[in-house]
Each structure stands twice: as C-alpha cells, then as structure tokens.
Amino acid sequence: MGTARLGTTRQDIERAAELLRQGELVAFPTETVYGLGAHAMDAAAVDKIFQAKGRPADNPLIVHIAHRVQLADLADNLPPVAEKLIESFWPGPLTLVLPRQPGVPDRVTAGLSTVAVRMPNHPVALSLLQTAGVPVAAPSANRSGRPSPTAAVHVLEDLDGKITAVVDGGTTGVGVESTVLDVTVDPPMILRPGGVTKEMLRQVIGPLQEDLSLKRNSGEEMDPALAPAANGRIATAPRSPGMKYTHYAPRGEMWIVEGPVDKQVELIQTLVDKSTAEGTRTGVLTTDEHQAAYRADAVLSCGKREALETVAAGLYGVLRRFDELGVERIYAESFPEAGIGAAIMNRLRKAAGYRVIR
Ligand code: AMP
Ligand code: MG
C-alpha cells in the first residue's frame, strides 16, 4: 500500500484529520522535525507507530495538542512551574513531562506514571490538531535510530508504504527536536536539550537540573546501544527512556573533533587524508565558514557557525546526505554548547555513538 502525499489545503488537512481520528498514521510537519502522528487515546493506533518506526516499546511518546484545555484529559496535578512554562513557551519546542491521567494508554507512556506533552508552533501542525480534535502522539517520523526528518521526502525515504499519509508542509524550521523538561521533580530536570534553551528556561523558572546521563558523553565512552558489553556498567539509568538508544545516526562511522576551531580544521584534514589513503570513502561535516578549507570525498555544510540556529536546521539533512553519497567515515566539527549549541552537540554525540577526538 502506498503512502498518500497530502498538501496543506483545507481539503488535505480535513482528510489528514479524518485519517487520524480513524486510527491511521499520518506524518506532519512541526517547527522542530516531522512527526509521525496517531490518535493518542487509541492504543491500537499508537501501536502502529511502534511497528512503522521499529521503535522499542519502552520508549514513550510525546502527545501533541492544539489547545491548553486538552491538557486536562492527559495530565493531572500540574505543578505551578508548569503553568509558567506553558504561558511562556507554548506553542513552541518545549515538551513537559507531567503526572499522567489514567486514561492515557500505557502504549503512549511506556507504562510510566508521567506523560510528555507539547503544543507545536507550526501553522500546519496546529491546524491539523485543531481539525482532528484529538490529542496526537507523535515521535519523529523516521525509522528508529535514523536522523529525524526535516522534509517530507525524508519521511518517505524511511516510511513510504508503512504509513497512511504524509502532509507536506515544506522544510521544518528549528531542525532538532523539542526540549524535554521533567517538571515532576524539583528543580525541573532537562531530559533532552532542544529548541528552547536552558538559558531561556532559567530566565522564566530559575534553577534547573540536567539529567546525569546527558553528561555521560565525553572521552571515548561508547553509547550503551553500540557497546552491549558495557551494559551494567552504566551507573545512572536515563530518566528519559529514549535517551538510552543510539539515535540520529548516519550509516557511516562518525567521529567528532573537539578543540579550538582552527585546530579542528587542521586535525580533520589530517584524519581525512589518512582515512582516504586507506581507501575509505570519507566525509567532513562543517559549516559555510570552512567548507572550502577541506579536501575529502564529501564536504557538507550544515549552515553558518556564526548563526548556530542554521546549523541546527541543516544538521539532519546533512547526515542523510552522507548516506546518499555512500560515505563510510565522517569527521565532524564541534560547536560551542551555549544556546541551541547544547542541542546540536547532544545530537552530534549520539549520532557519533560518543566517538570523540580531541
Ligand atoms: P521522539 O518522540 O523520538 O522525539 O522522542 C521522545 C522523547 O521524549 C524520548 O527521548 C522519550 O524518552 C521522551 N519522553 C517521552 N515521554 C516521556 C516521559 N513520560 N518521561 C520521560 N521522558 C519521556
Ligand atoms: Mg525521534
């Protein structure tokens, strides 16, 4: 069965909304990445998400809503800090982990006592959610482990024939997933850095904690999913179940090079030359500023280092492009971790399976 390609006319949105209400899977654009939507209160529909993506069942989903009032069916006992955050950042790329209502299917929350909810800031997403009139569970619309889709064509690369429809609303803006913030603990804890930065959150609610498993990302440490032998040696279980899986990964083996930028460029070229001499098809992940400085099989720019939001927007598209070009090894520049840089480095490290060279 083919996947219907829908546009964003009123008729298309009504068709997509009807499919969602009937329990079908529909991918749609949000301001972060494309989401793979299913009626969140329909357990059988939600189950199809896990099948289509090949997503592990213990990785819970984010529920998307268009109106504040929809929260009442999903979450209970909102802490005061949640109200402040909703006021400041919704609609927008901030997911709140809240105490759940019993009516939310276990499939959505992976049996946790909490539910993750957000209101996306994208006209097509909001209009689809409003028209459907039901909360929509939607992880990123990629096969599990692959880079998230920032265009409808990426969704089809991974899921054509496996989902009922995709609404093509052009390329997404932010380019990395939402920030996930657990407000059931005090102070609130960042489980995943994203479009709403820690600096922005601190301005509104003051102190924050960061999930320790986010810090488990330096040195030569391997992602547990890549190094099963390391299982049991990871002291801190991730609070956000999704964080324990390898994500966003291109097919080539990626290494992140850290250090002062000019030294990065030098070192990367040395590494590329070595790897090319060994007969390995080698790529460089860089920005406009340094693109001309490299000689490699593929030198791809994500955006401008001067404007890190452009790097976030371009990142996943570039990771997919390396795959198309058959690149076997990738050396990536690294970025300062302030602002959106924290989300960029989090995704890069995961995509690289925490392979870092200094
Ligand atoms: P994705 O839908 O692929 O963008 O991933 C959703 C992220 O939100 C994953 O990292 C999940 O582990 C996380 N998440 C969803 N629900 C919860 C929850 N109730 N508690 C903690 N993390 C959650
Ligand atoms: Mg995802």
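List of remarks:
- Condition broken by residue 113, with the remaining ones in (1) under 26 Å from residue 201 (Cβ atoms); (2) more than 10 Å from ligand 1 (Cβ to nearest atom) satisfied: (2)
- Qualifying residues in the stretch 128-170 (those that are β-branched (Val, Ile, Thr) and in contact with a Pro (Cβ under 8 Å, 6 or more places away or on another chain)) - the one farthest from residue 47 (Cα to Cα): 167
- Selection over the stretch 50-69 of residues that are within 15 Å of residue 27 (Cα to Cα), within 12 Å of ligand 1 (Cβ to nearest atom) and surrounded by fewer than 23 Cβ atoms within 10 Å (Cβ to Cβ) gives a count of 1.
- In the stretch 252-324, counting only strands (runs of 3 or more DSSP E) that sit wholly within it, the ones holding 2 or more residues that are crowded, with 22+ Cβ neighbours inside 10 Å span 253-257, 282-286.
- Of all residues in the stretch 156-181, those being under 26 Å from residue 200 (Cβ atoms) and surrounded by 20 or more Cβ atoms within 10 Å (Cβ to Cβ) number 10.
- Taken over the stretch 127-146, residues that are of a type in the set (Ser, Thr, Tyr) and more than 9 Å from ligand 2 (Cβ to nearest atom) amount to 2.
- So residue 17, is it more than 13 Å from residue 138 (Cα to Cα), not aromatic (Phe, Trp, Tyr) and not in a loop (DSSP other than H, G, I, E, B): yes
- Only listed residue being within 16 Å of ligand 2 (Cβ to nearest atom) and over 21 Å from residue 168 (Cα atoms), chosen from 33, 46: 46
- Output for the stretch 141-155, where each listed residue is surrounded by 21 or more Cβ atoms within 10 Å (Cβ to Cβ) and away from ligand 1 (no atom under 16 Å from the Cβ): 152
- When residues in the stretch 86-98 are screened for being farther than 12 Å from residue 178 by Cβ and either more than 10 Å from ligand 1 (Cβ to nearest atom) or of a type in the set (Val, Ile, Thr) (or both), 3 of them pass.
- Search result, residues across the stretch 72-127 that are aliphatic (A, V, I, L, M), farther than 24 Å from residue 45 by Cα and touching a strand residue (DSSP E or B) at 6+ places or on another chain (Cβ under 8 Å): 78, 82, 85, 86, 94
- Filter result (surrounded by fewer than 20 Cβ atoms within 10 Å (Cβ to Cβ) and among the charged types (D, E, K, R)) within the stretch 82-140: 83, 84, 87, 106
- Any chance residue 176 is farther than 25 Å from residue 107 by Cβ, hydrophobic (A, V, I, L, M, F, W, C) and within 14 Å of ligand 2 (Cβ to nearest atom): yes
- Scanning the stretch 156-196 for residues that are among the charged types (D, E, K, R), within 28 Å of residue 8 (Cα to Cα) and within 14 Å of ligand 1 (Cβ to nearest atom) turns up 158, 177.
- Set 77, 59: member being at pLDDT below 95, away from ligand 2 (no atom under 16 Å from the Cβ), polar (S, T, N, Q) and outside any helix (DSSP H, G or I): 77
- Residue in the stretch 116-136 that is more than 17 Å from the chain's Cα centre (by Cα), of a type outside the set (A, V, I, L, M) and under 29 Å from residue 321 (Cβ atoms) present: yes
- Residue list for the stretch 31-53, filter: within 19 Å of residue 316 (Cα to Cα) and either at pLDDT below 95 or hydrophobic (A, V, I, L, M, F, W, C) (or both): 33, 36
The values are calculated or read from the model by the stated rules, or taken from the named source; none is laboratory data. These numbers were taken from a predicted model, which means no experiment stands behind them. Quick reminder, even Gly has a Cβ in these numbers, built from the backbone with ideal geometry, and neighbours come from all protein chains shown.
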